[in-house]
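Some notes on the structure that comes next.
Read-outs: derived from the displayed coordinates by stated rules, not from any lab. Because the structure is predicted, anything quoted here is derived from the model rather than measured. Cβ placement follows ideal geometry from the backbone for every residue including glycine, while neighbour counts extend to all protein chains displayed.
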Amino acid sequence: MIKCENISYSYEDYQYNEVEVLKDISFEINEKERVLLFGINGSGKSTLLKLLNGLIYPKSGTYQFNNEIVNKKYLKKNSKTFRQTLSLQMQDPSSMLFNPTVYDEIAFGLKQFEFDELDAKVHHWAKLFKIEKILKTSPLTLSGGQKQKVLLASLLCIEPKVLLMDEPTAHLDPPTTGWLVDFLKELEITSLIATHNLSLGKELGERAIVLGEKHQIIYDGEIKTLLEDSSTLIEAQLLHKHTHSHNKLEHEHYHLHDWK
């Protein structure tokens, strides 16, 4: 379904310096596979998701979706189908909400892709996400958790085959995070979820891809095996070192943070 071969991406900063963001990235994701993309901030997770969503293009290497190379020519011809098939949830839900009401937000994609029974579908997804009571409310006035629910409803109502998510719990409180984890576990959909939170990730998939600070893949395999590989976790900076004092004695050790 998704295949990346030797993808690299860079951009030019305001001083005309070339800034490398992704380097020689290669992996495949099969249909219905659930994959977690781990890495610290700045490792390239968000850039990779934007590339897979066709918002940017690799400087070198190839990205294939359903055995076709995704580039400007491909998207010019297949934009509508591609946009319905792959949905991207960006890290800040506010950046993706732009309609006057929650109802309009959910209805927008349904209109664009010419779904029938629009009103019934809006209410179905609103009920599923427990946001029926705020359908007439401006999405910009909502809490972070409510915005996230509205955004997900608007993305999933068009029935995508692939869901790309960038730090989906970044703006959520613990109860809403728990709700989202349970919801995503029930979805029968191909997914790639980017996070730096190992304990959250192990709830959401079986496979992990890890980006290191040099913007390369340093691990691709089972999450269970990754959690037992302290050297890779330390290299990826996914373990945190803290100093503790006990009876006036100080010591340091690594641990990961829990989402609960």
Of LYS72/LYS214; LYS3/LYS73; LYS23/LYS147; LYS111/LYS136; LYS77/LYS147; LYS3/LYS50, which pairs sit farther than 23 Å apart, going by alpha carbon to alpha carbon?
LYS72/LYS214; LYS23/LYS147; LYS77/LYS147
For segment 62-125, take the convex hull of the Cα atoms, compute a quarter of its surface area, and give me that in nm², please.
5.9
Could you compute Rg(Cα) / (2.2 N^0.38 Å) for segment 32-98, with N its residue count?
1.20
I need the trypsin sites (Lys or Arg not before Pro) found in segment 36-69, filtered to DSSP loop residues with at most 14 other beta carbons within 10 Å of theirs.
LYS59
Normalised convex hull volume, the chain, alpha-carbon set, Å³ per residue:
164
Distance histogram in 10 Å bins (all Cα pairs of segment 114-174, percent per bin)
20, 52, 27, 2
Cβ-based net charge around ILE7, under 9 Å, with every Lys or Arg adding one and every Asp or Glu removing one
0
Stokes-Einstein diffusion coefficient of segment 149-208, Kirkwood radius over Cα pairs, 10 °C, 1.306 mPa s, in µm²/s:
132
Which number comes out as Rg/Rh for segment 71-208 once both Rg and the Kirkwood Rh are worked out on C-alpha atoms?
0.96
